[in-house]
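Report on the structure given below.
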Amino acid sequence: MATNLDTYYIDGEFVAEDEARLSVKDITVLRGYGIFDFLITYNHRPFYLKEHVARLENSAREIHLELQHSNEEICEIVEETIRRNPHHNESNVRIVYTGGISPDGVTPQGNGILMVMATPKHVLPDWWYTDGAPIATVDMVRFIPASKSTNYLSAVFAQQQARKNYDAIEAIYVNKQKQVLEGTTTNIYGIKGNTIVTPEEGILHGITRSVVLKLAEEKYTIDLRPIDMDELKSFDEIFLSASNKEIVPVSKINDMVVGDGKPGPVTRDIMAMFREYTTAYGQGKI
């Protein structure tokens with residue numbers, strides 16, 4: 001049975017996924033020096049595309065990577081890449097800007113290439129959302145957290161540790177001050193009564209996070225501040241947010257059960273608001 005190949009944009013050309021090539025001399029390959037961003041579609045409409053590309057541009061500024069494309073150009077390429085993959089029900093979209101080829105293998109030359117990869121949206125397990133999911137803390141922080149760089153060694157290591165020790169679906173970074181920061185690919189929130197607490201400093205500000213906070217502030221008090229490890233046990237509920245995961249209730253952190261171990265009322269309300277919002281977004285109503 002024939003399988004539809006995905007179409008990617010690679011350095012000025014749209015190519016089938018099995019024809020996508022990147023030089024082994026690119027310092028993204030050699031040194032992990034590059035940036036990326038990730039988003040999904042709703043009804044084939046890329047969610048907050050301009051904002052994701054603006055974050056990509058900020059990631060570039062943070063690590064001094066020179067971009068050769070404007071926000072508008074990148075947005076147009078992303079939209080065209082999605083159009084060239086009509087066999088997707090919905091798409092995961094990964095935008096990558098590489099460091100380029102360097103004569104000494106370490107010094108950027110401003111010759112990085114843009115890649116846009118659209119793949120079928122990955123369906124995550126239902127039980128994450130109906131029962132809540134376990135997560136684990138890891139004593140580690142990301143290098144230059146405001147940049148979504150291709151250097152993901154800390155994330156890979158942290159997730160391996162979280163799965164091995166607690167069979168967790170996500171690892172949460174904790175700094176030397178024992179403050180909870182963010183997940184490897186998520187933002188984290190604690191709920192006390194009618195207040196939602198989430199860190200503001202030392203994290204990558206998620207695009208989904210910005211939407212969640214905008215929706216939640218209409219009904220709940222938002223407290224942007226550090227979360228101490230010891231404070232985790234005092235929360236009634238905890239949840240995560242991310243582009244690909246959307247809103248995930250947390251049932252356990254390490255060996256500690258959160259609340260009664262099931263998705264709580266505030267988290268369920270946030271999930272419902274986000275679902276309603278993204279449905280309307282996909283319909284072009286927002």
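Odds and ends about this structure:
- 17 Å reach of a label modelled at Ser23, 7 Å along Cα-to-Cβ, counting backbone N of segment 64-84: 66-68
- Anisotropy class of segment 1-149 from Cα gyration tensor, a/c 1.5 cut: oblate
- Under a 5 Å amide H cut-off, with hydrogens placed 1.01 Å from N, Asn254 pairs with Ile135, Ala136, Thr137 among residues at least 5 apart or on other chains.
- Chain lengthening between Ser210 and Lys285 when straightened (0.36 nm per residue, less Cα-Cα): 25.1 nm
- Selected from Asn187, Tyr129, Thr3, residue furthest toward positive end of dipole (the chain; charges at beta carbon): Tyr129
- Taking amide H atoms as placed 1.01 Å from N in the peptide plane, the amide H of Asp6 lies under 5 Å from those of Glu17, each 5 or more residues away in sequence or on another chain.
- Taking the longest Cα principal axis of the chain as reference, the axis of helix 207-216 is set at about 30 degrees.
- Taken about its Cα centre, segment 115-207 carries a charge dipole of about 200 debye when Lys and Arg each add +1 at the Cβ and Asp and Glu each add -1 at the Cβ.
- Residue-normalised accessible area of segment 194-263, expressed per residue, 1.4 Å probe, Å²: 44
- Those aspartates and glutamates that a straight Cα-Cα span of less than 14 Å connects to Lys233, excepting residues fewer than 8 apart in one chain: Asp255, Asp260
- Carbon plus sulfur fraction of accessible area for segment 54-133, probe 1.4 Å, in percent: 51
- Largest-first ordering by accessible area, 1.4 Å probe, given options Leu114, Leu153: Leu153, Leu114
- Environment charge of Thr221, counting only residues whose C-beta is closer than 15 Å and scoring Lys/Arg +1, Asp/Glu -1: -3
- Relative to one another, the C-alpha centroids of segment 111-154 and segment 257-272 are positioned 22 Å apart.
- Span from the segment 28-102 Cα centroid across to the segment 187-238 one, whole angstrom: 27
- Taking amide H as placed 1.01 Å from N in the peptide plane, the amide H of Ile227 sits under 5 Å from that of Val180, each at least 5 places away or on another chain.
- Computed accessible area, Arg268, all protein chains, 1.4 angstrom probe, square angstrom: 130
- Cα gyration tensor shape for segment 159-278, rounded if a/c is under 1.5, else prolate or oblate: rounded
- Each residue of segment 114-124 was assigned a 3J(HN,Hα) from its phi angle through the Karplus expression (A = 6.51, B = -1.76, C = 1.60, θ = phi - 60°), giving 9, 10, 10, 10, 10, 10, x, 4, 7, 8, 8 Hz with x at Gly and Pro.
- The phi torsions of segment 83-90, fed into the Karplus equation with coefficients 6.51, -1.76 and 1.60 and a -60° offset, translate into couplings of 4, 7, 10, x, 6, 7, 5, 9 Hz, rounded to whole numbers, with Gly and Pro shown as x.
- Glu200, Glu237, Glu51, Glu217, reordered so the largest accessible area comes first (probe 1.4 Å): Glu217, Glu51, Glu200, Glu237
- Computed over segment 98-196, the P(r) curve from all C-alpha pair distances, binned at 10 Å from the origin, holds 12, 31, 32, 19, 5, 1 percent per bin.
- Size-normalised alpha-carbon gyration radius of the chain, reference 2.2 N^0.38 Å: 1.03
- Taking the protein heavy atoms of segment 236-286 in the context of the full set of protein chains, the accessible area attributed to carbon and sulfur is 49 percent at 1.4 Å.
- Entries in Lys50/Lys252; Lys148/Lys214; Lys50/Lys176; Lys121/Lys214; Lys252/Lys285; Lys176/Lys219 that, when Cα-Cα distance is taken, lie over 29 Å: Lys50/Lys252; Lys50/Lys176; Lys252/Lys285; Lys176/Lys219
- Relative contact order, percent, the chain [alpha-carbon distance under 8 Å, six or more residues apart]: 18
The values are calculated or read from the model by the stated rules, or taken from the named source; none is laboratory data. Note that this is a predicted model, so its numbers are computed, not measured. With ideal geometry, Cβ positions are generated from the backbone for all residues, glycine too; neighbour counts draw on all protein chains shown. The protein model used for the area step is the full one, side chains on, heavy atoms only, and it has no ligands, DNA or RNA in it. Shrake-Rupley method; radii C 1.70, N 1.55, O 1.52, S 1.80 Å.
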